[in-house]
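Engineer: I have a structure I would like to understand better, so I am pasting it below and will then ask my questions one at a time.
The values are calculated or read from the model by the stated rules, or taken from the named source; none is laboratory data. Keep in mind it's a predicted model, so treat the numbers as computed, not measured. Cβ: placed from backbone, ideal geometry, glycine included. Neighbour counts: every protein chain shown.
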Amino acid sequence: MERKVIVYAVVASSLWGISFPITKLGLEEISPILFAFLRYLLTSFLFLIMALSYKNFFEVDYKYLAIFGLVSVTLPVVLQNVGLKYTSAYISGFIQSTGPIYTLILAYIFLNERITKHKLIGLALAIAGTYFIVSPKGGGNFIGNLLVLFSAISYSIGGIMAKNLLIKGYNPLQIIAFASFFGTIFLAPLIFIENIEFSKSSIPFILYLAIFPTFIAYILWYSAMEKMEVSKLSFFVYLIPILSLISSHIILKEEMKLMTILAGFVVLIGIAIAQKA
């Protein structure tokens, strides 16, 4: 496996891990769905600028991509933002790291990807590591945690759909550009079901989240997906709780324990074993 592909996956996962405490801070200044809408509206504009230099960029299956945008952007980002408003940033990161469980099963069912011994061992270690990170306190808000869990499942389904698009010959930029575009369209009417709140102080958070963990991270992630099995790539999601934990401690002053650090290394070992498959 090319080192460049691994770097792409690591950087993308790191940006997503750091995004949890930043999103948590942003939610103090703006309502959850409006936050998501403005973030992806800006991201869609950035992708549109890039798209102008690509030939045949708009020759796509619009119906499939609309569904993909709903599953990979609208649903998960709404569930995550609303859930994050009620639970802690680092717990949200841990819950999102369960994504590979669903991806492994879905990739086996729909993409005929083999579940090898290394994948199973790596998955078991990664789950154990995540369990030990969460277990000392557990906690968080149950409804908030449940919403984030559904968000993780939705992201996993989106990952399978994205892999299917890559197999059909779509390039990563097409996939994420149209996902952002359609996801933004579906987000627009949802704004009005919440009590809209907006402060100018939210603008830096919107800009950061639109550019780094969305625009840049997704380009890197889907570029890596072109060269790596979905189920194997999904193990890099286990980097998210580690970065979420560290950044939440630094930015939000959330408590960090020695057990979580040790468990984080167990997660990394699980990723390394899965990579040998």
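Engineer: I need the full set of residues from region 86-117 which are touching a Gly at 6+ places or on another chain (Cβ under 7 Å) and assigned to a helix (DSSP H, G or I), in order please.
Structural biologist: Tyr86, Ile91, Ser92, Gly93, Thr103
Engineer: Might you let me know whether region 43-64 holds any residue that is touching a residue at least 24 places away in the same chain (Cβ under 8 Å), under 17 Å from Ser154 (Cα atoms) and part of a helix (DSSP H, G or I)?
Structural biologist: yes
Engineer: Look at Tyr90 and say whether it is among the aromatic types (Phe, Trp, Tyr), surrounded by 19 or more Cβ atoms within 10 Å (Cβ to Cβ) and over 15 Å from Ser248 (Cβ atoms). Outline the logic, then answer.
Structural biologist: Details: among the aromatic types (Phe, Trp, Tyr): yes; surrounded by 19 or more Cβ atoms within 10 Å (Cβ to Cβ): yes; over 15 Å from Ser248 (Cβ atoms): no.
Against the criterion (among the aromatic types (Phe, Trp, Tyr), surrounded by 19 or more Cβ atoms within 10 Å (Cβ to Cβ) and over 15 Å from Ser248 (Cβ atoms)), Tyr90 does not qualify.
Every residue, every condition in (1) of a type in the set (D, E, K, R); (2) surrounded by 20 or more Cβ atoms within 10 Å (Cβ to Cβ); (3) modelled with pLDDT under 85; (4) in contact with a Leu (Cβ under 6 Å, 6 or more places away or on another chain), yes or no:
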residue: Lys4; (1), (2), (3), (4): yes, no, no, no
residue: Tyr40; (1), (2), (3), (4): no, yes, no, no
residue: Leu46; (1), (2), (3), (4): no, no, no, no
residue: Gln80; (1), (2), (3), (4): no, yes, no, no
residue: Pro100; (1), (2), (3), (4): no, yes, yes, no
residue: Phe110; (1), (2), (3), (4): no, no, yes, no
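Engineer: Sticking with this structure for a sec: I need the full set of residues from region 48-78 which are modelled with pLDDT under 90 and of a type in the set (Ser, Thr, Tyr), in order please.
Structural biologist: Answer for region 48-78, where residues must be modelled with pLDDT under 90 and of a type in the set (Ser, Thr, Tyr): Ser53, Tyr54.
Engineer: Collect the residues in region 207-224 that are surrounded by fewer than 22 Cβ atoms within 10 Å (Cβ to Cβ), farther than 16 Å from Val77 by Cβ and small (Gly, Ala, Ser), keeping them in residue-number order.
Structural biologist: Ser223
Engineer: How many residues are within 18 Å of Ala12 (Cβ to Cβ) and either touching a Lys or Arg at 6+ places or on another chain (Cβ under 7 Å) or in a loop (DSSP other than H, G, I, E, B) (or both) when one looks only at region 163-200?
Structural biologist: 1
Engineer: Next up: Would you pick out the residues in region 7-40 that are among the hydrophobic types (A, V, I, L, M, F, W, C) and free of Cβ contacts under 8 Å to residues at least 12 places away in the same chain?
Structural biologist: Val7
Engineer: Follow-up question, since we're still on this one. Closer than 23 Å to Ile95 by Cα and surrounded by fewer than 22 Cβ atoms within 10 Å (Cβ to Cβ): does that describe Glu229?
Structural biologist: For Glu229, the condition - closer than 23 Å to Ile95 by Cα and surrounded by fewer than 22 Cβ atoms within 10 Å (Cβ to Cβ) - is met.
Engineer: Could you tell me whether region 201-217 includes any residue that is out of contact with any strand residue (DSSP E or B) (no Cβ under 9 Å at 6 or more places or on another chain), more than 14 Å from Thr43 (Cβ to Cβ), assigned to a helix (DSSP H, G or I) and touching a residue at least 12 places away in the same chain (Cβ under 8 Å)?
Structural biologist: Scanning region 201-217 turns up no residue that is out of contact with any strand residue (DSSP E or B) (no Cβ under 9 Å at 6 or more places or on another chain), more than 14 Å from Thr43 (Cβ to Cβ), assigned to a helix (DSSP H, G or I) and touching a residue at least 12 places away in the same chain (Cβ under 8 Å).
Engineer: Under 24 Å from Ile246 (Cα atoms) and surrounded by fewer than 24 Cβ atoms within 10 Å (Cβ to Cβ): does that describe Ser14?
Structural biologist: Values: under 24 Å from Ile246 (Cα atoms): yes; surrounded by fewer than 24 Cβ atoms within 10 Å (Cβ to Cβ): yes.
Yes: the conditions hold for Ser14.
Engineer: Only one of these is surrounded by 16 or more Cβ atoms within 10 Å (Cβ to Cβ), assigned to a helix (DSSP H, G or I) and at pLDDT below 85: Gly144, Gly158, Gly140. Name it.
Structural biologist: Gly144
Engineer: Being at pLDDT below 95, basic (Lys, Arg) and in contact with a His (Cβ under 9 Å, 6 or more places away or on another chain) narrows it down to one of Lys257, Lys276, Lys253, so name that one.
Structural biologist: Lys276
Engineer: Looking at (1) β-branched (Val, Ile, Thr); (2) within 23 Å of Phe235 (Cα to Cα); (3) modelled with pLDDT under 90, find the lone condition where Thr87 falls short.
Structural biologist: Thr87 satisfies every listed condition except (2).
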